[in-house]
Amino acid sequence: MDDKIFDKIHEVDLKETMETSYIDYAMSVIASRALPDVRDGMKPVYRRILVSMDKMKISNFTKSANVEGQVMKLHPHGSTYSTIVGMVQPDNNITPLITGKGSFGQHTSRELQAAAQRYTEIKLSDISKDIFKDLGKHMVEFIPNYDGTIMMPEVLPVKFPAVLHYAQSGIAVGMSCNLPSFNLKEINDATKHYLLTGQHTLLIPDFATGGEVIINEEAFQQINTTGSGTIRLRAKATINKNVISVKEIPYTTTREAIIDAIIKLIKSKKITEISNVQDLTGLSGMEIEITAKKNTDMKVLLAKLYKWTPMENTFSANMNILVNKLPKVVGTNEI
């Protein structure tokens, strides 16, 4: 064997090499994958999907597979279709960034999956078109993509604090984020009020699945001032004779989880008043129908369901986002 080969081999400290490599990897995941940027409220993958769609000048519906392929020029980490699906779902986003045609599944269901990308179609939603309308006016910096062949905006020139409007979660290395969503009009009104008076408005989370947020002033204040806090969400139910109809559920659960919990309560005889439970979700919207036996105290039954099933659930806010390209947990006031 040629001795010159051995001349090129050099010893390294394995511990030091592993530590350096892992720190580089961790920082890449934190800054370039898992956490949204305060400036436009988006993780890099969301931004790259929208930029790709804008570059394709998609004014009419096109196959999702067409977009997925183009995104690879900006995002080399594999298929982005699952992310596209989440950006389309109207029960996942109060104001979706992408409009879809076809079956994109539902955030309220763990079993109803989206159709394959070759069957669904997408286009930019009106709010996304508005974001890109003034992109060419040098309002944001442009950076090269991963191989230096395409220039793309570092962030998108959104016109409102978008990071507050889109619920999203991410797991980085050693940290994570779990952002609640807030009503768009309330965000804008609060922003305008702050600009004019310097005073903050208390913002209360609002989710695309609907339901009710149980009043907890202390938790609301924590989310607004520190970016952390736990709130309780409750399904919205109506009672008609011996039937409970649920048409809005907490953002943190699914229809199947609620129905499974009710069936377990029936089988364990912890609840004996229910004769039937079924998922009636269809074109008219989401609905879980719970039928009780005659002479049941329906208000008491509903209270039991809130107590023992995910019809009442919690959302733990952890508003960990990139501020000046570094992770920081911030409240709505600071944002």
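The values are calculated or read from the model by the stated rules, or taken from the named source; none is laboratory data. A quick note: this is a predicted structure, and the numbers were derived from the prediction, not measured. Quick reminder, even Gly has a Cβ in these numbers, built from the backbone with ideal geometry, and neighbours come from all protein chains shown. Heavy atoms of the whole protein, side chains included, go into the accessibility calculation; ligands, DNA and RNA do not. Shrake-Rupley method; radii C 1.70, N 1.55, O 1.52, S 1.80 Å.
Overview of values
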item	result
Accessible-area ranking of 61, 132, largest first, probe 1.4 Å	61, 132
Dmax and Rg, reported as Rg then Dmax, of the stretch 140-231 (C-alpha, Å)	16.7, 51
On Cα atoms only, tilt of 44-55 relative to the major axis of the chain in degrees	80 degrees
Options 90, 315, 9, ranked by Cα towards positive dipole end of the chain, top entry (Cβ charges)	90
For the chain, calculated [θ]222 nm from helices alone, where every DSSP H run of n ≥ 4 adds -39500 (n - 2.57)	-9000 deg cm²/dmol
Cα-based equivalent ellipsoid, the stretch 217-287: semi-axes from gyration tensor eigenvalues, Å	30, 16, 12
Paired Rg and Dmax values of the stretch 190-335, which use every Cα atom, in angstrom	19.2, 61
Heavy atoms of residue 266: accessible area, 1.4 Å probe, square angstrom to 10	60 Å²
Rg [Å, one decimal], Dmax [Å, integer] - the chain, C-alpha atoms	23.8, 93
Ratio of Rg to Rh over the stretch 1-141 (Cα coordinates, Kirkwood Rh, two decimals)	1.16
Heavy-atom accessible area ranking, 1.4 Å probe, most first, across 52, 79	79, 52
For the stretch 22-27, 3J(HN,Hα) per residue [Karplus equation, 6.51 cos²θ - 1.76 cosθ + 1.60, θ = phi - 60°, Hz, x = Gly/Pro]	5, 5, 4, 5, 4, 5
Computed over the chain: relative contact order in percent, which uses C-alpha pairs under 8 Å that are six or more apart	17 percent
Computed Kirkwood radius, in angstrom, where 1/r is averaged over Cα pairs of the stretch 73-188	16.3 Å
Accessible area in square angstrom per residue, the chain, 1.4 angstrom probe	54 Å²
Carbon/sulfur fraction of accessible area - the chain, other protein chains in place, 1.4 Å, %	52 percent
Percent RCO, i.e. relative contact order, over the stretch 248-335, from Cα pairs under 8 Å lying at least 6 residues apart	27 percent
Rounded to the nearest 20 debye, dipole of the chain from Cβ charges on Lys, Arg, Asp, Glu	1300 debye
For the stretch 224-239, 3J(HN,Hα) per residue [Karplus equation, 6.51 cos²θ - 1.76 cosθ + 1.60, θ = phi - 60°, Hz, x = Gly/Pro]	6, 9, 10, x, 10, x, 10, 10, 9, 10, 10, 5, 9, 10, 10, 10
Cross-link pairs beyond the 24 Å C-alpha cut-off, checked among 192/236; 247/307; 185/236; 236/304	192/236
Order of exposure, largest accessible area first, which applies to 10, 77, 138 with probe 1.4 Å	138, 10, 77
Two-decimal ratio, the stretch 179-255, of alpha-carbon radius of gyration to 2.2 N^0.38 Å	1.33
Efficiency of FRET between residue 239 and residue 154 - r from beta-carbon atoms, R0 45 angstrom, step 0.05	0.30
